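S.K.: One structure, as structure tokens, below. Some questions next.
The values are calculated or read from the model by the stated rules, or taken from the named source; none is laboratory data. Just so we're clear, the structure is a prediction, and the values are computed from it rather than from any experiment. Heads up, the Cβs are rebuilt from the backbone with ideal geometry, glycines too, and the neighbour counts pull from every protein chain shown.
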Amino acid sequence: MAAVGVFALAALVLSCKCDSVEKPSDATGAGTGSEAERSGPAAASAGSEAPGGGAGAAVSLPDSCEEELLIRPLHSGDIYASFQFRTLWDTDFLHQGKKVSHYRLFPKSLGQVLSKFSVRELHISFTQGYWRTMQWGQPIVPSPPGAELWVWFHNTVADVDGNWKELTNVLSGIFCASLNFIDSTNTVQPSASFKPLGLGNATDHRFLRYATLPREIVCTENLTPWKKLLPCGSKAGLAVLMKSEKLFHSSFHSQAVHIRPVCKDWQCSSTAWELRQTLNVVFDLYTSGQGKKEWSLFKMFSRTLTEACPLASSSKVYVDVTDNPEGELFDLSPATSVLNTAVVLGDRRTYSVYDLTQKETFGQLRSLNLVLRWKGESGDMLRPLLHAERYVAGFGLQTGEIHTLIYNNHPYRAFPVLLLDSVPWYLRLYIHTLTVTSKTRENKPSYIHYQPSKDRLRPHLLEMLVQLPPHSVTEVTVQFERALLKWTEYTPDPNHGFYVGSSVISALVPSVVAMDTNNTQERPLFSSFFPTKEESSYFVRVYTEPLLVNLPTPDFSMPYNVICLTCTVVAVGYGSFYNLLTRTFQVEEPSQPLAKRLANVIRRIRGVPLL
Amino acid sequence: MGLLSDPNRRKALTSLLTRLNTPICVVCYLAGIAWFMGLAFEPFTLRTYMSENAMGSTMVEERFPAGERALATAREFAAHKRKVGGMPVEWLVKTMQARGLEVFTQSFTRTLPFPDENKERYMVRGTNIYGILRAPRAPRTEALVLSAPCSPDNSNNQAVGLLLGLAQYFRSKMFYVEFDCTSLSGFFSHHSGMDYTPLQGRAGSIQAALSLELSSDVITSLDLVLEGLNGQLPNLDLANLFHAFCQKIGVLCTIQGKLQRGDWDTAEGYTHAVQTMMLMVLKQASGRPWGDHGLFLRYHIEAASVRGINSFRQYKTDATTIGRLLEGMFRKLNNLLERLHQSYFFYLMPSLTHFVSIGYYMPAFGLLATILLLRALDLWVQLGTPAQVTEDGAVLFIFSYYKSFLSPSVLVPSFKPSMVISHLTGVALYTLPVLSQETAVEHFPVSETEAVVLTAIAIYTAGLALPHNTHRFISGEGTEQGWRVLKLVALLYLAVLLGCTALINFSLGFILAITLVPAAACVTPHMPKALTALAMVLLSPGCTLLYCVFIFQELQEAPVTLPEGWMLFLSVISQGILDHSLYGSLVYPLLALLIYPCWLLLWNILFWK
């Protein structure tokens, strides 16, 4: 019964959204036609059983969801698959302060968390592996290895720290992750790096909390609760592809949840909540394909697609065919004529689009199995314009130096980047040794926000705005001293080392499209004289590697030895010296021989003077 | 307690110690030597065992199949090397890229202070080529290194081939190995004074490293080399791991090039173990890296070299088997959750199955060091005797020693000038050879290297003339008290020096102690000058080095004649100076700046007037 109403709704939303979806009009027409055809009998039966119910729901509950899968063959021969699920929730409980108890597509567990803790924006990501920018280019949704959580609270919250603590514990339960290990020692309040992505012009970073757990290991137990948040679960739509044994047999796995307030319509008369769930996987087809470069949906996910999620208003698969305009690099089957061009991360990309809401997408077998066969060697990738890496230099267990290298590979444009470093307190940063050098010259940051650490209370926070000269490497170094922890503060495996979370580099990077001023093939001449605003630069966040730092580690069998040694030293050394120092010495009368004593006794009896 | 606070008993004890000083010292010396020789006796030592849990029970299955292909790659590599007439860097880069690695190069140059005649080079230069195989879903925090040294001559080609084969194999399997395939003539990142181009790619903090040296297609045995820079050793578990896999796969394995013998109870068996241990002691004492792995050790990276040996033996092992062995070792290392830390870092190995831990070998040194302390006590008592008459209270008694000791009239003038002058000689020995090489080359028909070495020997010998000059500065000349104080200071100084050295590098400390302790214990001005002087010279650090050269050659079963030995001695000195300037080896500065001046103090006592 419920499913029936939903079908009607899906048709309604699709038809009203078709102008915003970029695709040729004939495809849209076919789509709506087929949708109407499919939902026709269902709507009829709904009408017969509960007249008016479907229509009423469609008016009062305009929640919607969309799903998308983007597949990009990477230059290294790997395959990048990026799922995005977007759920809109048309409610606005923050302003009225009213409780919302009715949930449809939006997961109730998250909705309650939002309202209880007055969360304005929530971003959480779990990542296993490190995104290899130099081989794979920029990711669609960047995330650092481990877990990352950043939250903007509403500015009516009085006790932000209390809310934050509770929130992390609740999220820890929802996502089956160790987020409860987030406490004041790894939470920072970045002043500039993390601005709200949604509506609202919050600038007071008192309401922002940011924490990473670089050691967090992501596995099936985190994926299952994440899948449960989807409107269709893993029962239908794109989510059927998410088999954990395949997703975790990959080079990179990242799942994220982003919640933010967005405009409901283009006039922005009212707001809605947007829940965006993303899942990014990179498959290494070299290892699984025995050296053959060929992939298909079935090979990657051990499933094929048979239907769209019935609740979704839009369900599409995009395949990036930018590098393959004439089909000389690879063969993609089934072929599609629907192409979509968009500027993504400053680069104009072309996508083949497969609309899952259309019947003909699935063909005669009633299943969609995309197959891509490589024909030639892929050429060199354009180096990503912004790239960073980090390492610890020096040897010994007393001091060290953190080096952060930021590469600007743009041939002629300089651009500023915001560098955020959050270092745990047990690495004591010597901030006077902070140096920023580009091209062997000092590069003075125009903005530095530094918050020193407090032992066992809060980490170091270092934020800098650095101008990167064109085609340069900027090196940021800072020395540190390793603290000796209390013996109960060591982890169970102290010789593994201690993790330092990734640095975050946020930047507006000049667009590759804007770099290409000769490109007049696709655009009219008059459009390309001045670079247009939205294409001239784009926002990128780059995460560096986390660091593994060894701290001076005691031999934990040592307490026994120390106790033995200390006791011995105290007993022998201190005892004897104390004895020597406190004893009063007297000259002892030499004892008389026995014969003399006897003689004296006799003399005393006789009354003669003693000997 | 009564012992210290009762003056009578204390007097009895000190008189006992002074009266029996010489016999006790002789007994200690003999006991020290005997203890040391006993370390090689198998029943006295411990069997090696795997301490690390992560590497112990989890057996891995080795499946490396591509030995033949690796050898083909090696031949190809050799052909390219011949064609280029040097290192085929481009070919290596291309080959490694084809095997799915991220490849980077790093070039380095370093000018030596004087030409190295053994390797005929004045400038160390080369290119490190390293490929990184990223583990799937790993956050780039940890890495394992497998490296092979490459030189332009025709050695070690097979190691490079096998390395590339292993890289390809590891790439095709989804092991969680992150590893560098480095092909280098030295690993020199972050070395002071070295010009190097910045590293482009990074893997993470290196957990363990293996260096492979293989120069023939088939081998009869694999030799494990552990000794690194300044006598540092990797964790014993690395040796255990190697031994365990040799046993499992059935490859003959050796340490110091010596096979294990089963007959420990025969004289030959025992001699064999002593030879093996002595070789390790000598190599460790030399303080130089005995393989490419040696430079990793200073960065606290557990590393060892595996060297393939092809000798006249029937049973040969092919490249596939070596590949399987390395694969197994790497997969076990990959199982590590923490750095290798469970087992010993200080040990000696009389054979691969047995080891001597620090607790067992330190008493041997302790017995030798006791002699110095006993002699010092004896002198102290002798110096304090006049003061003892007036005071009787224990505290005052102790103070009286200090008083007599600290009174400026006795203490300062007598040993300060000798101390300063002998240390200045040490500084001259350390700096002048390298500084004055050009002058020497101008005036004498020698090469730079010879000039450096001969200047060093000349300064060393010139130091022997010092006693005749130092006396001018000493006001309290000729007193009995004077030389006693000087000897007391020298004894304590030597004890501290040797003690510290032995803690860092037992072998070096022990070898120095064997020769210096008798010299320090016996020397007085009242001995037949010529004879004692000869004995002193024979027991000096320089001569110790000469003996070590001969003993080492003898133990390696390559005995040398006297002139050859002398030439070897000269090259050892030049190598020592070069190791110091290139890698930061500490043996040369230790000998020149501290041990030699200390010996000069003793030499001064002999010629006390």
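S.K.: Given the residues B:SER205, B:SER183, B:SER189, B:SER172, which is the only one that is among the small types (Gly, Ala, Ser), more than 23 Å from the chain's Cα centre (by Cα) and at pLDDT below 50?
M.R.: Values: B:SER205 fails: at pLDDT below 50; B:SER189 fails: more than 23 Å from the chain's Cα centre (by Cα); B:SER172 fails: at pLDDT below 50.
None of the others qualify; the one that does is B:SER183.
S.K.: Name the one entry in B:ARG110, B:ARG75, B:ARG99 that is surrounded by fewer than 22 Cβ atoms within 10 Å (Cβ to Cβ), at pLDDT 85 or above and of a type in the set (Lys, Arg).
M.R.: Of the residues listed, the single one that is surrounded by fewer than 22 Cβ atoms within 10 Å (Cβ to Cβ), at pLDDT 85 or above and of a type in the set (Lys, Arg) is B:ARG75.
S.K.: Are any residues in segment B:94-112 of a type in the set (A, V, I, L, M) and either more than 14 Å from chain A (Cβ to nearest Cβ) or closer than 30 Å to B:HIS580 by Cβ (or both), and if so, which ones? Quick ask: steps written out before the conclusion?
M.R.: Within segment B:94-112, the first condition is being of a type in the set (A, V, I, L, M), and the residues that meet it are B:96, B:98, B:101, B:103, B:112.
Within segment B:94-112, B:MET96, B:LEU112 qualify.
S.K.: Out of segment A:431-470, which residues are more than 25 Å from A:PHE194 (Cβ to Cβ), without any contact (Cβ under 8 Å) to a residue 24 or more places away in the chain and not in a strand (DSSP E or B)?
M.R.: Across segment A:431-470, the qualifying residue is only A:THR440.
S.K.: So for segment A:210-231 (the condition being assigned to a helix (DSSP H, G or I), in contact with a Pro (Cβ under 6 Å, 6 or more places away or on another chain) and either closer than 24 Å to A:TYR103 by Cα or touching a residue at least 24 places away in the same chain (Cβ under 8 Å) (or both)), does at least one residue qualify? Steps first, answer last, please.
M.R.: First pass over segment A:210-231, keeping only residues assigned to a helix (DSSP H, G or I): A:220-228.
If we keep only those that are in contact with a Pro (Cβ under 6 Å, 6 or more places away or on another chain) too, we end up with none.
No - not one qualifying residue is present in segment A:210-231.
S.K.: Filter segment B:299-331 down to the residues that are in contact with a helix residue (DSSP H, G or I) (Cβ under 8 Å, 6 or more places away or on another chain) and surrounded by fewer than 17 Cβ atoms within 10 Å (Cβ to Cβ) and list them by number. Please lay out each step first, then the result.
M.R.: Let us first name the residues in segment B:299-331 that are in contact with a helix residue (DSSP H, G or I) (Cβ under 8 Å, 6 or more places away or on another chain), namely B:302-306, B:308, B:318-330.
B:ASP318, the sole residue that qualifies.
S.K.: All but one of (1) out of contact with any Ser or Thr (no Cβ under 9 Å at 6 or more places or on another chain); (2) within 14 Å of chain A (Cβ to nearest Cβ) hold for B:THR18; which doesn't?
M.R.: (2)
S.K.: While we're here: Residues being among the hydrophobic types (A, V, I, L, M, F, W, C) and assigned to a loop (DSSP other than H, G, I, E, B): count how many of those fall in segment A:300-328.
M.R.: Qualifying residue count, segment A:300-328: 5.
S.K.: Taking the condition of being under 22 Å from B:MET59 (Cα atoms) and out of contact with any His (no Cβ under 6 Å at 6 or more places or on another chain), how many residues in segment B:291-316 meet it? Steps first, answer last, please.
M.R.: Initial filter on segment B:291-316 (under 22 Å from B:MET59 (Cα atoms)): B:302-304, B:306.
Applying the additional criterion that residues be out of contact with any His (no Cβ under 6 Å at 6 or more places or on another chain) yields B:302, B:306.
Residues meeting the conditions: 2.
S.K.: Search segment B:201-233 for residues being outside any strand (DSSP E or B) and within 14 Å of chain A (Cβ to nearest Cβ), and hand back the single one that is surrounded by the fewest Cβ atoms within 10 Å (Cβ to Cβ).
M.R.: Taking segment B:201-233 first, the residues outside any strand (DSSP E or B) are B:201-204, B:214-218, B:220, B:226-233.
Retained after the next criterion (residues that are within 14 Å of chain A (Cβ to nearest Cβ)): B:201-204, B:228-230, B:232.
Numbers: B:GLY201: 16, B:ARG202: 18, B:ALA203: 24, B:GLY204: 23, B:GLY228: 27, B:LEU229: 21, B:ASN230: 23, B:GLN232: 21.
Here the answer is B:GLY201.
S.K.: Step by step: first the residues of segment A:547-585, then only those that are in contact (Cβ under 8 Å) with a residue 60 or more places away in the chain and more than 9 Å from every other protein chain (Cβ to nearest Cβ), then the one that is farthest from A:ALA393 (Cα to Cα). Which residue is that?
M.R.: A:PRO559
S.K.: For segment B:441-514, give me every one of the helices (runs of 4 or more DSSP H) that falls completely inside it and has 2 or more residues that are modelled with pLDDT under 90 and small (Gly, Ala, Ser). So that I can check it myself, show each step before the final result.
M.R.: Working: elements: B:448-462, B:467-470, B:480-504.
Here the list reads B:448-462.
S.K.: Then there's this: Hey, any hits in segment A:381-389 for a residue that's farther than 22 Å from A:LYS195 by Cα, in contact with a Phe, Trp or Tyr (Cβ under 9 Å, 6 or more places away or on another chain), within 14 Å of chain B (Cβ to nearest Cβ) and buried (at least 18 other Cβ atoms within 10 Å of the Cβ)?
M.R.: Among the residues of segment A:381-389, at least one is farther than 22 Å from A:LYS195 by Cα, in contact with a Phe, Trp or Tyr (Cβ under 9 Å, 6 or more places away or on another chain), within 14 Å of chain B (Cβ to nearest Cβ) and buried (at least 18 other Cβ atoms within 10 Å of the Cβ), which makes the answer yes.
S.K.: While we're on this one: Find all pairs meeting these conditions: Cβ atoms under 9 angstrom apart; at least six residues apart or on different chains; first residue within segment B:319-340 and among the acidic types (Asp, Glu); second residue in a helix (DSSP H, G or I).
M.R.: Cβ pairs passing all conditions: B:GLU327/B:LEU166; B:GLU327/B:TYR169; B:GLU327/B:PHE170; B:GLU338/A:PRO494; B:GLU338/A:ASN495; B:GLU338/A:HIS496; B:GLU338/B:ALA54.
S.K.: Can you tell me how many residues within segment A:586-611 are more than 14 Å from every other protein chain (Cβ to nearest Cβ) and among the polar types (S, T, N, Q)?
M.R.: 2
S.K.: Which of the residues belonging to segment A:474-510 are surrounded by fewer than 20 Cβ atoms within 10 Å (Cβ to Cβ), in contact with a Leu (Cβ under 6 Å, 6 or more places away or on another chain) and within 11 Å of chain B (Cβ to nearest Cβ)? Full working, then the answer.
M.R.: Of segment A:474-510, the ones surrounded by fewer than 20 Cβ atoms within 10 Å (Cβ to Cβ) are A:475, A:477, A:479, A:481-493, A:495, A:508.
Now drop any that are not in contact with a Leu (Cβ under 6 Å, 6 or more places away or on another chain), which leaves A:475, A:482, A:493.
Hits for segment A:474-510 are A:GLU475, A:ASP493.
S.K.: Please count how many residues of segment A:143-179 are at negative phi and within 14 Å of chain B (Cβ to nearest Cβ). Lay out the reasoning, then the answer.
M.R.: Let us first name the residues in segment A:143-179 that are at negative phi, namely A:143-145, A:147-175, A:177-179.
Restricting the remaining residues to those that are within 14 Å of chain B (Cβ to nearest Cβ) gives A:143-145, A:147-148.
Matching residues across segment A:143-179 total 5.
S.K.: Right, another one. Going by what's in this entry, would A:LEU397 be described as touching a Ser or Thr at 6+ places or on another chain (Cβ under 9 Å), under 30 Å from B:TYR299 (Cβ atoms), within 14 Å of chain B (Cβ to nearest Cβ) and outside any strand (DSSP E or B)? First the steps, then the outcome.
M.R.: On the way: touching a Ser or Thr at 6+ places or on another chain (Cβ under 9 Å): yes; under 30 Å from B:TYR299 (Cβ atoms): yes; within 14 Å of chain B (Cβ to nearest Cβ): yes; outside any strand (DSSP E or B): yes.
Yes.
S.K.: Take B:TRP91 and tell me if it is outside any loop (DSSP other than H, G, I, E, B) and crowded, with 19+ Cβ neighbours inside 10 Å.
M.R.: So B:TRP91 fails the test.
S.K.: Taking the residues in segment A:232-262 that are assigned to a loop (DSSP other than H, G, I, E, B) and either more than 14 Å from chain B (Cβ to nearest Cβ) or touching a Leu at 6+ places or on another chain (Cβ under 9 Å) (or both) as candidates, determine which candidate is surrounded by the fewest Cβ atoms within 10 Å (Cβ to Cβ).
M.R.: A:LYS235
S.K.: Can I ask one more? Would you be able to say whether some residue in segment A:356-376 is buried (at least 17 other Cβ atoms within 10 Å of the Cβ) and β-branched (Val, Ile, Thr)?
M.R.: Scanning segment A:356-376, I find at least one residue that is buried (at least 17 other Cβ atoms within 10 Å of the Cβ) and β-branched (Val, Ile, Thr), so the answer is yes.
S.K.: For segment A:405-437, name all the residues that are of a type in the set (Ser, Thr, Tyr) and surrounded by 20 or more Cβ atoms within 10 Å (Cβ to Cβ).
M.R.: At the first step, the residues of segment A:405-437 found to be of a type in the set (Ser, Thr, Tyr) are A:407, A:412, A:422, A:426, A:430, A:433, A:435, A:437.
The answer is A:TYR407, A:SER422, A:TYR426.
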